[in-house]
1. Kindly indicate the residue of segment 376-395 that is hydrophobic (A, V, I, L, M, F, W, C) and part of a strand (DSSP E or B) and also nearest to residue 97 (Cα to Cα) among those meeting that condition.
2. Sort out which residues of segment 5-47 are of a type in the set (Ser, Thr, Tyr) and more than 26 Å from the chain's Cα centre (by Cα), and write them in order of number.
3. Among the listed residues 270, 245, 234, identify the single one that is over 30 Å from residue 394 (Cβ atoms), modelled with pLDDT of 95 or more and not hydroxyl-bearing (Ser, Thr, Tyr).
4. In segment 95-113, what count of residues is obtained for those that are closer than 20 Å to residue 67 by Cα and either more than 14 Å from the chain's Cα centre (by Cα) or assigned to a helix (DSSP H, G or I) (or both)?
5. So residue 338 fits all but one of (1) among the β-branched types (Val, Ile, Thr); (2) over 18 Å from residue 91 (Cα atoms); (3) in a loop (DSSP other than H, G, I, E, B); what number is the exception?
6. On the given criteria, is residue 13 outside any loop (DSSP other than H, G, I, E, B), over 20 Å from residue 355 (Cα atoms) and touching a Leu at 6+ places or on another chain (Cβ under 9 Å)?
7. Are any of the residues in segment 262-283 free of Cβ contacts under 8 Å to residues at least 24 places away in the same chain and among the hydroxyl-bearing types (Ser, Thr, Tyr)?
8. From the list 113, 124, pick out the single residue that is of a type in the set (Gly, Ala, Ser) and in contact with a Pro (Cβ under 8 Å, 6 or more places away or on another chain).
Amino acid sequence: MTAKTVPKIIIAGTSNLTWRPSQDPLSTVDLMCKSIEAAANDAGSKELIDIADQIFIPKGTWVTEDPGHFISTHFGIQAKSVLFDIGILQSSLVKRAIQDVAESRSKCTIIVGAETKEQEKRLGNLFPADINQNLVSSTSSIEWIRPEDLIISKHEINTGLIRAVDQYALIENASAHKNGLTRHQQINLINTEWEKMATIADSAISPWRENATKYLKENGWGRPIAAPYRANHITQWNVNQAAAIIITSEETAKAHGSTSDQWVYPEAIIESNHVTPVVERKDLATCQGMSAINEELIASTGKPASSRANVELYSCFPVAVRLQAENLGLSNRNLSITGGMTFAGGPFNNFTIQGISGLAKKVREHGTEGLITSVSGMLTKQGLLTITAKQESNNLIVEDVSQLVKQKTKTLPSNSEIFGQMPVISSTVAHMGGDTKVFAIVEFKERYRRIVTSKKPEVIEIFTKESQIGEKIQVSKNGTFEMEAF
């Protein structure tokens, strides 16, 4: 546990913007700028933009070489541009900003993320040009923060198991098997969980999917994506959304006209950055990182996760929410204030910023505490941030439990050479455009794992009905398989 005595660090202002298809098109950078302006307005001081010396941006699907440079130009400021690559926890941007302000490396740091995928998809070549091409390079240096390890293994890449939805479906099915659920029971559970998310979205501020409950009743759960998931069970990337956070010290904010009724205080930020690919996890249906984070949270703050009045769990897929909740001891309560990434919107690689904005407003409004989580990969890395309306001390908890998670995580190496009769550890039926196939993880004598596939219609039908976990299949040298009955 690391408790640092620091200046009082605050989240001075936040914003999250949803840009509707009915509104005039904006480039992603323009949407970022609007979000920053809204965050400054939320803080009650536009001067905070003028003194910002760092702009942190999580890498999105956009291709602009250095959006931070164009943001600085737009506002007429000299701010360092720091880009955080895919595979870095979104909570890590907040952690770095807090540390930089606390240790006087920054006076004021802006975190901003945005996506305009809906516009890009709908408008094609008519989409604002400054996102569809690389702009002139900035003369200022860009700092890139990149992950040390790939969040998926070469074996997963080589077998085509690269979509997040397919890997999460493997985790979902392993969880169902672990809890003794049939496919029918599993689907009922998922639908119930996500119907609740839709209800939350209906009363949230600016969700992407307006009237989500009505939408589900009229349209159902959508086309199959990866058994058991359908389109309306998974994160929605095709949105136009942006969010911004302004992090500074209490002293600096006061000096520039921001008042305390606009602020929230970070209390603890805890992360696990240890990487274990899905195929190599001995138990797919667990989240060791969040378990360790929860233990550290209780040890550091003296309070369990359940004591926080408002919670926003990272909600890319139903099993992600469920396993986080289990390991944080959260039950019989709402696990989101936004309605989650299916209905509120899941802009690629920046939903945590959106969530912090909504959470901060709830915490300020009610004078309470809040908790938000962050996930990178397939429950591969986990982060947790707690915030409060009042700070009782200057001790800010900043902790990383990666080594502990590494010690506790049981693994089996992957091996693409094993073949013969093996049991299924998990499986899914993946629908990729016109291509449908079964992905299965098999295990050889409790020593090695392999990903195998089948495109045979009769096999697809069997695995669609049930995941066949525990059943033995015949694996060939080339990585395809047959059911024993065939």
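1. Step by step, filter segment 376-395, then rank; the result is 385.
2. Selection gives 5, 22, 45.
3. Just a single option satisfies the conditions, and that option is 234.
4. Of all residues in segment 95-113, those closer than 20 Å to residue 67 by Cα come to 96-97, 106, 108-113.
If we keep only those that are either more than 14 Å from the chain's Cα centre (by Cα) or assigned to a helix (DSSP H, G or I) (or both) as well, we get 96-97, 106, 108-112.
The qualifying residues number 8.
5. For residue 338, the exception is condition (2).
6. So residue 13 does not fit the description; no.
7. no
8. 113 is the lone residue from the list that is of a type in the set (Gly, Ala, Ser) and in contact with a Pro (Cβ under 8 Å, 6 or more places away or on another chain).
The values are calculated or read from the model by the stated rules, or taken from the named source; none is laboratory data. The shown structure was predicted, so the numbers you read here are calculated from the model rather than taken from an experiment. Note: ideal-geometry Cβ built from the backbone for every residue, glycine included; neighbour counts use all protein chains shown.
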